[in-house]
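*Asks:* Starting off with a structure, shown below.
The values are calculated or read from the model by the stated rules, or taken from the named source; none is laboratory data. Owing to the predicted nature of the structure, the values given are computational and were not obtained by experimental measurement. Cβ placement follows ideal geometry from the backbone for every residue including glycine, while neighbour counts extend to all protein chains displayed.
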Amino acid sequence: MRSVVADAEKTIAEVLIERSPNGIMVTGANGLIRAVNPAVHSMIPVVPDAVGRYPSQVLSVERLADAMSPAVDEEVEFHFESGNRTVLVKVVPMDGGRLAILQDVTMFAQAESHRREFVANVSHELRTPATSIAGYAETLLDDAETMDEFTHEMVSVIHRNAQRLIALFDDLLHLSRIDAREEPLDVQPMALHSIITEALDKGRSPADEKHITLNNFVDADLVVNSNRDALGHIFGNLVENAIKYSQEGGMVSVRASARDEGRVLVEVIDVGFGIDPSLHERIFERFYRVDKGRSRAQGGTGLGLAIVKRLCHAVGASVDVKSKLGKGSVFRVLLPGAEDLAKARRPEK
């Protein structure tokens, strides 16, 4: 590609690049810049006469210069702040070199920030009266013998739904905190067996009600590099879901195995209702329910798996599911090893 700036006779492609509102930068297989449009200069400081030089010599954003290196052969996506702007960068391979597209997403970032703040504030304010309602209803239920059957049922419904509201507000607050976090969570080595044991213990009461057997097949000496609180929420949610969507007398098991580069694969397995393969991606969306009627009956908020996905990203892990209708589900969390952590923590797309 000829330099967009230097050519007197420009091709249609060069004119489109030059006039694009998005910043565009192209490097060749040798790592030298072949083209850079005016929009890049308007978004970030760039040394004049950048064409023919290395990105590290002309760019003030070190992360972008690193992503443009010919040694990188994968897609890279991230946000950064430039003055009062929020810039989204996506770098992809192109003809042996690299193509970077910069987009000013300041308005979107501000709108998202306002949305998170609104959700967090409303959830916090509504949680207080919901807690009071649940507390008073529970107090009334403690004197159930003083009520007739109809009154007892009404108070039970009030208590049950107040508890559902509290769970919803807690999940919304948790999700808002995760979304507001700009940096990955701190990680350290820890025993995985104890985390899984805690997750299974929390689910033991509802499991006993449905006569579901819980199994922990995680070796006691298996160590992972992660964040304990995040893993507690991740596997607590996955075990809770496995129990919730299993039939009476079913079984929920957790097993783990070491993989390449020190990574660890953890699987939460149930023999429950299962999920249609066409819905496997959507179940990690906020408020998405595979079976709305069954989910409401079970008291779910529709946010558990969205929280799981975002927490996995925060600790450099990945999550997916294998499932068929009527055959149960296997939720798989791949935790990175120490040497794989930086690579796994690339921003979520």
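*Asks:* Against the conditions (1) in a helix (DSSP H, G or I); (2) farther than 30 Å from V119 by Cβ; (3) in contact with a Ser or Thr (Cβ under 9 Å, 6 or more places away or on another chain); (4) hydrophobic (A, V, I, L, M, F, W, C), where does M190 fall short? Just the number, please.
*Replies:* (1)
*Asks:* Keeping to the range 280-314, report how many residues are modelled with pLDDT under 70 and out of contact with any Ser or Thr (no Cβ under 7 Å at 6 or more places or on another chain).
*Replies:* Residues meeting the conditions: 14.
*Asks:* While we're here: Quick one: is G326 touching a helix residue (DSSP H, G or I) at 6+ places or on another chain (Cβ under 6 Å), assigned to a loop (DSSP other than H, G, I, E, B) and modelled with pLDDT of 80 or more?
*Replies:* On the way: touching a helix residue (DSSP H, G or I) at 6+ places or on another chain (Cβ under 6 Å): no; assigned to a loop (DSSP other than H, G, I, E, B): yes; modelled with pLDDT of 80 or more: yes.
It is false that G326 is touching a helix residue (DSSP H, G or I) at 6+ places or on another chain (Cβ under 6 Å), assigned to a loop (DSSP other than H, G, I, E, B) and modelled with pLDDT of 80 or more.
*Asks:* All but one of (1) within 22 Å of D320 (Cβ to Cβ); (2) touching a helix residue (DSSP H, G or I) at 6+ places or on another chain (Cβ under 9 Å) hold for M251, so report the exception by its number.
*Replies:* (2)
*Asks:* All but one of (1) part of a helix (DSSP H, G or I); (2) among the small types (G, A, S); (3) closer than 19 Å to R332 by Cα hold for S246; state the number of the condition that does not hold.
*Replies:* With (1) part of a helix (DSSP H, G or I); (2) among the small types (G, A, S); (3) closer than 19 Å to R332 by Cα applied to S246, the lone miss is (1).
*Asks:* Using the structure shown, decide if V119 is closer than 29 Å to L175 by Cβ and in contact with a strand residue (DSSP E or B) (Cβ under 6 Å, 6 or more places away or on another chain).
*Replies:* no
*Asks:* May I ask you to list the residues in the range 212-234 that are hydroxyl-bearing (S, T, Y) and surrounded by fewer than 20 Cβ atoms within 10 Å (Cβ to Cβ)?
*Replies:* T213
*Asks:* Just checking, does the range 42-59 include any residue being touching a residue at least 60 places away in the same chain (Cβ under 8 Å) and assigned to a helix (DSSP H, G or I)?
*Replies:* Yes, some residue in the range 42-59 is touching a residue at least 60 places away in the same chain (Cβ under 8 Å) and assigned to a helix (DSSP H, G or I).
*Asks:* Please indicate, with yes or no, whether at least one residue in the range 106-113 is in contact (Cβ under 8 Å) with a residue 24 or more places away in the chain and farther than 30 Å from I166 by Cα.
*Replies:* Within the range 106-113, none of the residues are in contact (Cβ under 8 Å) with a residue 24 or more places away in the chain and farther than 30 Å from I166 by Cα.
*Asks:* So, one more: Only one of L168, L140, L126 is touching a residue at least 40 places away in the same chain (Cβ under 8 Å), farther than 22 Å from L305 by Cβ and either assigned by TED's automatic domain parsing to the domain that holds R115 or surrounded by fewer than 17 Cβ atoms within 10 Å (Cβ to Cβ) (or both); which?
*Replies:* L126
*Asks:* Considering only the range 60-72, state which residues are closer than 13 Å to M25 by Cα and either touching a residue at least 60 places away in the same chain (Cβ under 8 Å) or assigned to a helix (DSSP H, G or I) (or both).
*Replies:* Matches in the range 60-72: L64, A65, A67.
*Asks:* Just to be sure I understand, how many residues within the range 92-138 are among the aliphatic types (A, V, I, L, M) and either more than 26 Å from the chain's Cα centre (by Cα) or assigned to a strand (DSSP E or B) (or both)?
*Replies:* Pass one, the range 92-138, residues among the aliphatic types (A, V, I, L, M): 92, 94, 99-102, 105, 107, 109, 111, 119-120, 122, 126, 130, 133-134, 137.
Now drop any that are not either more than 26 Å from the chain's Cα centre (by Cα) or assigned to a strand (DSSP E or B) (or both), which leaves 92, 94, 99-102, 130, 133-134, 137.
Of the residues in that region, 10 qualify.
*Asks:* Taking the range 249-263, which residues are over 14 Å from T197 (Cβ atoms) and outside any loop (DSSP other than H, G, I, E, B)?
*Replies:* M251, S257, A258, D260, E261, G262
*Asks:* Looking at D201, D208, D170 in this structure, which one is under 20 Å from the mean Cα position of the chain (by Cα), in a helix (DSSP H, G or I), within 30 Å of S246 (Cα to Cα) and of a type in the set (D, E, K, R)?
*Replies:* The unique qualifying residue is D170.
*Asks:* Would you point out which residue out of A317, A258 is modelled with pLDDT of 85 or more, surrounded by fewer than 16 Cβ atoms within 10 Å (Cβ to Cβ) and touching a strand residue (DSSP E or B) at 6+ places or on another chain (Cβ under 7 Å)?
*Replies:* Result: A258 is the single residue among A317, A258 that is modelled with pLDDT of 85 or more, surrounded by fewer than 16 Cβ atoms within 10 Å (Cβ to Cβ) and touching a strand residue (DSSP E or B) at 6+ places or on another chain (Cβ under 7 Å).
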